C-alpha cells in the first residue's frame, strides 16, 4: 500500500477478525479442506503465473462499518497474502486492502438458518462476486444439491453448468473416499472437466505409476531372461543337431567303408575263383596232352 492509501484506509480496530469459536461440523470442515488443498497442491492457477488466494472459513470485510461475512470457501485471483500477515489489517480479507472481491464464493448449507439463498446471496451480489456457489448436500433449502449463480449487470442469474471460464475451473459431484470417509463430495475440475486430484491422490498416482513402471521393468527383465534362455536352448538344440548330423555322417562313412571292404573282398574272391578256374583249365589241358582224359577215364 502507498502512504496515501494508508492514510485513507478505514479504521479496523473495532472489527472482530476472529472469535476463536469453533462453529463448523465435521462434514463441512472436511469439505472445505477438499476445496482448498487441491488448488495449492496440484492446480497450476489460471495461467500466466497469476497468483491466487483460496481460503476456508475466513472473514471477508466489504465495508469497515459492517462485520465480516464468513464464506465456507472463497477463491480470489491476482492477490497475495501480505508478508506480515499476523498484523490485524492483513489477517482477514479486507476488500480495501486487496483491492477487489473474490471471484468465487462458496457456501455449504448445514441447516435452514444460514440465509445462503437470501441474505448472503444479496451481500455477495453487492460485493460484485462473479460466481456464487451454494452446496446443499441434504437439499435443506435448495431444490438441487449444487446451485451456481453468475453476476451480470442486472444481478445474479443461475448457471446451468458449474463451469467458470474466468477461473479455468469447474465443479463436480464426486462419489469416493476422502481421508477415510466415503461420501459424495464437491470437487474441482479443470476447464476440460478433468478432476483435480488432492496432493495425496497425486502422490498415490505417482506411486502407482512408479510401481507400474517397476513391474514393467521386471516383466521386461523376465522376458529378456526368457528370451536368453530360449536362445541358449536353441543353441543347444542346434549343437545337438550338429552332433547328430556328424554322428550320422560318421555312420554313413563307416557303412560306406564296410561296403567298400565287402566289395573289395567279393572282387578278391572272384579273382581267386578265376585264377583257380584258369589253373584247373591249364592242368586239364596238360593232362589231355599227356593222354589222360579225366572226363572219360
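The values are calculated or read from the model by the stated rules, or taken from the named source; none is laboratory data. Not measured: the values here are computed from a predicted model. Quick reminder, even Gly has a Cβ in these numbers, built from the backbone with ideal geometry, and neighbours come from all protein chains shown.
Would you mention how many residues in region 36-71 are touching a residue at least 60 places away in the same chain (Cβ under 8 Å) and assigned to a loop (DSSP other than H, G, I, E, B)?
Counting residues in region 36-71 that are touching a residue at least 60 places away in the same chain (Cβ under 8 Å) and assigned to a loop (DSSP other than H, G, I, E, B) gives 5.
Please go through region 37-52 and give me each residue that is farther than 11 Å from residue 199 by Cα and either outside the structural domain of residue 105 (by TED's automatic domain parsing) or surrounded by 19 or more Cβ atoms within 10 Å (Cβ to Cβ) (or both), ordered by number.
Residues of region 37-52 farther than 11 Å from residue 199 by Cα: 44-52.
46 - this is the single residue of region 37-52 that is farther than 11 Å from residue 199 by Cα and either outside the structural domain of residue 105 (by TED's automatic domain parsing) or surrounded by 19 or more Cβ atoms within 10 Å (Cβ to Cβ) (or both).
Pick from 76, 110, 92: which is within 28 Å of residue 195 (Cα to Cα), modelled with pLDDT under 95 and in the same structural domain as residue 144 (by TED's automatic domain parsing)? First the steps, then the outcome.
Working: 76 fails: modelled with pLDDT under 95; 92 fails: within 28 Å of residue 195 (Cα to Cα).
Testing whether each residue is within 28 Å of residue 195 (Cα to Cα), modelled with pLDDT under 95 and in the same structural domain as residue 144 (by TED's automatic domain parsing) leaves just 110.
Mind listing whichever residues of region 97-110 are out of contact with any helix residue (DSSP H, G or I) (no Cβ under 8 Å at 6 or more places or on another chain) and touching a residue at least 60 places away in the same chain (Cβ under 8 Å)? First the steps, then the outcome.
First, the residues of region 97-110 that are out of contact with any helix residue (DSSP H, G or I) (no Cβ under 8 Å at 6 or more places or on another chain): 98-100, 102-104, 109.
Matches in region 97-110: 103, 104.
Suppose the filter is in contact with a strand residue (DSSP E or B) (Cβ under 7 Å, 6 or more places away or on another chain) and closer than 23 Å to residue 77 by Cβ; does residue 193 pass it? Step through it out loud before you land on a result.
Details: in contact with a strand residue (DSSP E or B) (Cβ under 7 Å, 6 or more places away or on another chain): yes; closer than 23 Å to residue 77 by Cβ: yes.
Here the answer is yes, as residue 193 does meet what is asked.
Please work out if residue 177 is free of Cβ contacts under 8 Å to residues at least 24 places away in the same chain and out of contact with any helix residue (DSSP H, G or I) (no Cβ under 8 Å at 6 or more places or on another chain).
Yes.
Consider residue 155 carefully, then state whether it is surrounded by 10 or more Cβ atoms within 10 Å (Cβ to Cβ), on the phi > 0 side of the Ramachandran plot and touching a residue at least 12 places away in the same chain (Cβ under 8 Å).
yes
Of the residues that make up region 110-131, is at least one assigned to a strand (DSSP E or B), farther than 24 Å from residue 44 by Cα and over 30 Å from the mean Cα position of the chain (by Cα)?
No: region 110-131 contains no residue that is assigned to a strand (DSSP E or B), farther than 24 Å from residue 44 by Cα and over 30 Å from the mean Cα position of the chain (by Cα).
Of the residues 201, 270, 255, only one is in contact with a helix residue (DSSP H, G or I) (Cβ under 9 Å, 6 or more places away or on another chain) and assigned to a helix (DSSP H, G or I); which? Break it down stepwise before answering.
Working: 270 fails: in contact with a helix residue (DSSP H, G or I) (Cβ under 9 Å, 6 or more places away or on another chain); 255 fails: in contact with a helix residue (DSSP H, G or I) (Cβ under 9 Å, 6 or more places away or on another chain).
Result of the check over 201, 270, 255: 201.
Kindly evaluate residue 184 against the criterion of being more than 21 Å from residue 41 (Cβ to Cβ), in a strand (DSSP E or B), in the same structural domain as residue 79 (by TED's automatic domain parsing) and modelled with pLDDT of 90 or more. Show your work before the answer.
Values: more than 21 Å from residue 41 (Cβ to Cβ): yes; in a strand (DSSP E or B): yes; in the same structural domain as residue 79 (by TED's automatic domain parsing): yes; modelled with pLDDT of 90 or more: yes.
Against the criterion (more than 21 Å from residue 41 (Cβ to Cβ), in a strand (DSSP E or B), in the same structural domain as residue 79 (by TED's automatic domain parsing) and modelled with pLDDT of 90 or more), residue 184 qualifies.
For residue 87, state whether it is assigned by TED's automatic domain parsing to the domain that holds residue 175, under 23 Å from residue 38 (Cα atoms) and surrounded by fewer than 16 Cβ atoms within 10 Å (Cβ to Cβ).
Working: assigned by TED's automatic domain parsing to the domain that holds residue 175: yes; under 23 Å from residue 38 (Cα atoms): no; surrounded by fewer than 16 Cβ atoms within 10 Å (Cβ to Cβ): yes.
Against the criterion (assigned by TED's automatic domain parsing to the domain that holds residue 175, under 23 Å from residue 38 (Cα atoms) and surrounded by fewer than 16 Cβ atoms within 10 Å (Cβ to Cβ)), residue 87 does not qualify.
Which residues, taken from region 72-94, are outside any loop (DSSP other than H, G, I, E, B), over 21 Å from residue 188 (Cα atoms) and touching a strand residue (DSSP E or B) at 6+ places or on another chain (Cβ under 8 Å)? First the steps, then the outcome.
If we filter region 72-94 for residues that are outside any loop (DSSP other than H, G, I, E, B), which is where we start, we get 73-77, 88-90, 93-94.
With over 21 Å from residue 188 (Cα atoms) added as a condition, the list becomes 88-90, 93-94.
Once the filter is applied, which keeps residues that are outside any loop (DSSP other than H, G, I, E, B), over 21 Å from residue 188 (Cα atoms) and touching a strand residue (DSSP E or B) at 6+ places or on another chain (Cβ under 8 Å), region 72-94 yields 93, 94.
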